[in-house]
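In what follows, a single structure is set out as structure tokens and then discussed.
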Amino acid sequence: MRRYLPFAIIAAVFCIATIAGVGLYQSRAQAPVKTGKLVFGQPGANPPHMHGSRKAPVALEEFGDFECMPCSLFWPVLKQAQKEYGDRLSVTFREYPLTKHTHALDAARAAEAAGLQGRFWEMHDALYGDRLLWLGAGDTRAALILCASHVEIDLERFKKDLDSEEVSKRIAADRERVASLELDRTPAVFVNGDRLTTAPITIEILRAAIDDALGVKPK
Amino acid sequence: MRHQRLEIFLYVLAALIALVGLADAIYLTVQHLTGETVSCIASSGCETVLGSSYAVIGKVPVAAFGAAAYFTVFSLATLAAFDWTRVRPLFLCLVGMMLATTCWFLYLQAFVIHAFCDFCLLSAALTGLLSAIGIAIFFLVKKDAAATS
């Protein structure tokens, strides 16, 4: 009997591991939402900066400019929505530095350079959080590097990446997407492919749009 | 033979560590297959590491190979604990291979991807523990062989 006991243990562990794996897979692999979300236009930079699950029932895509005031006002609204909806909401950020904003492109490059080290969202938050600091600085580049120093990042690599071809390509790809969608202002926000046209986008407006996409009746 | 009880204890410990590694690897495999984002707890590089080209071999996630390896280690350690002495060299060989693979992935994270993933570091720590157990067993067996000859 004792001779066969290890095989019984191994078989039991195999069964438990298989059942756990399949169960976990089935619980995660929900059918994707068929709303034709964000399949139109040029694809933009790949991979996109996405926060949250690709299988989230609600996909929000923001085209933002770090210098733009409405974008900085939308930032805490988006954070609030992410907190409230958790894994039901995914957020993708696209670079749309407006040409009328003199420092927006530098900020976009800084965010993308941080993104090459996997720190896009940290830099995104730092840029909006310290917006007035780097906007008001005489030397924007130095101010952006200072901003990046608050994020866990290899600063030497960051400085090199600020002028890199890869960063330029990513921003150009996002701009192609902007052009293909005929956008003309920031922030441009899409929820499951539908653009939110109201401005400013408050938490109430965003909540209503997300609830609508989730099929939740308004309270 | 003097250290037989200690040896059995080490194999049981190795089997339990392999179970933790198996759970970690299954979780990462499922996350990969379902396209879920893996959120780190202590670091912030999970998405970077697990989304990199090094996280897959062909179309198979590396974590799936890890799950197979941990399950095999568990099986070999269990058999060894029940006196199946012939599997002991296999256990040591497999742990050695896992250690080499772990070192490679640590190198990739540190110098190529420039990001660390909590779940990969956990797996590296577990493999480190398994290696330490493997070395201890190796010397115990050697010592016993010297004592009996």
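Within the set B:L106, B:L90, B:L121, the sole residue that is in contact (Cβ under 8 Å) with a residue 40 or more places away in the chain and more than 15 Å from B:L6 (Cβ to Cβ) turns out to be B:L121.
Applying the set (1) charged (D, E, K, R); (2) in contact with a His (Cβ under 9 Å, 6 or more places away or on another chain); (3) surrounded by fewer than 21 Cβ atoms within 10 Å (Cβ to Cβ); (4) under 21 Å from B:H114 (Cα atoms) to A:D130 leaves exactly one unmet item: (4). May I ask you to list the residues in the range A:151-187 that are out of contact with any Asp or Glu (no Cβ under 7 Å at 6 or more places or on another chain), more than 16 Å from A:G115 (Cβ to Cβ) and not in a helix (DSSP H, G or I)? Once the filter is applied, which keeps residues that are out of contact with any Asp or Glu (no Cβ under 7 Å at 6 or more places or on another chain), more than 16 Å from A:G115 (Cβ to Cβ) and not in a helix (DSSP H, G or I), the range A:151-187 yields A:L181, A:E182, A:L183, A:D184, A:R185. Is the range B:49-57 home to any residue that is at pLDDT 75 or above, crowded, with 17+ Cβ neighbours inside 10 Å, more than 10 Å from chain A (Cβ to nearest Cβ) and not in a helix (DSSP H, G or I)? Within the range B:49-57, not a single residue is at pLDDT 75 or above, crowded, with 17+ Cβ neighbours inside 10 Å, more than 10 Å from chain A (Cβ to nearest Cβ) and not in a helix (DSSP H, G or I). Checked against the criterion of being more than 9 Å from chain A (Cβ to nearest Cβ), modelled with pLDDT under 85, under 18 Å from the mean Cα position of the chain (by Cα) and within 18 Å of A:R54 (Cα to Cα), the range B:18-37 contains not a single residue that satisfies it.
Against the definition (among the acidic types (D, E), modelled with pLDDT of 90 or more and either crowded, with 18+ Cβ neighbours inside 10 Å or touching a Pro at 6+ places or on another chain (Cβ under 9 Å) (or both)), how does A:E67 come out, yes or no? Even if it seems obvious, please write down each step before you answer.
Working: among the acidic types (D, E): yes; modelled with pLDDT of 90 or more: no; either crowded, with 18+ Cβ neighbours inside 10 Å or touching a Pro at 6+ places or on another chain (Cβ under 9 Å) (or both): yes.
Considered against the rule, which asks whether it is among the acidic types (D, E), modelled with pLDDT of 90 or more and either crowded, with 18+ Cβ neighbours inside 10 Å or touching a Pro at 6+ places or on another chain (Cβ under 9 Å) (or both), A:E67 comes out as no.
Within the range A:38-64, the set of residues being under 23 Å from A:K100 (Cβ atoms) and surrounded by 19 or more Cβ atoms within 10 Å (Cβ to Cβ) comprises A:G44, A:A45, A:E61, A:E62, A:F63, A:G64.
I'd like the residue in the range A:73-100 that is within 15 Å of A:R185 (Cα to Cα) and surrounded by fewer than 19 Cβ atoms within 10 Å (Cβ to Cβ) and, out of all such residues, is modelled with the lowest pLDDT. Here the residue is A:K100. When A:G138, A:G115 are checked against the criterion of being within 12 Å of chain B (Cβ to nearest Cβ) and either farther than 18 Å from A:L73 by Cβ or surrounded by 24 or more Cβ atoms within 10 Å (Cβ to Cβ) (or both), A:G115 stands alone in meeting it. Scan the range A:118-134 for residues that are assigned to a helix (DSSP H, G or I) and either of a type in the set (K, R) or within 12 Å of chain B (Cβ to nearest Cβ) (or both) and the total you get is 6. Residues that are within 10 Å of the chain's Cα centre (by Cα), facing chain A (nearest Cβ under 10 Å) and not β-branched (V, I, T) are absent from the range B:77-91 altogether.
The values are calculated or read from the model by the stated rules, or taken from the named source; none is laboratory data. What you see is a predicted model; the values in this text were computed from it and never measured. Backbone-built Cβ (ideal geometry, glycine too); neighbour counts: all protein chains shown.
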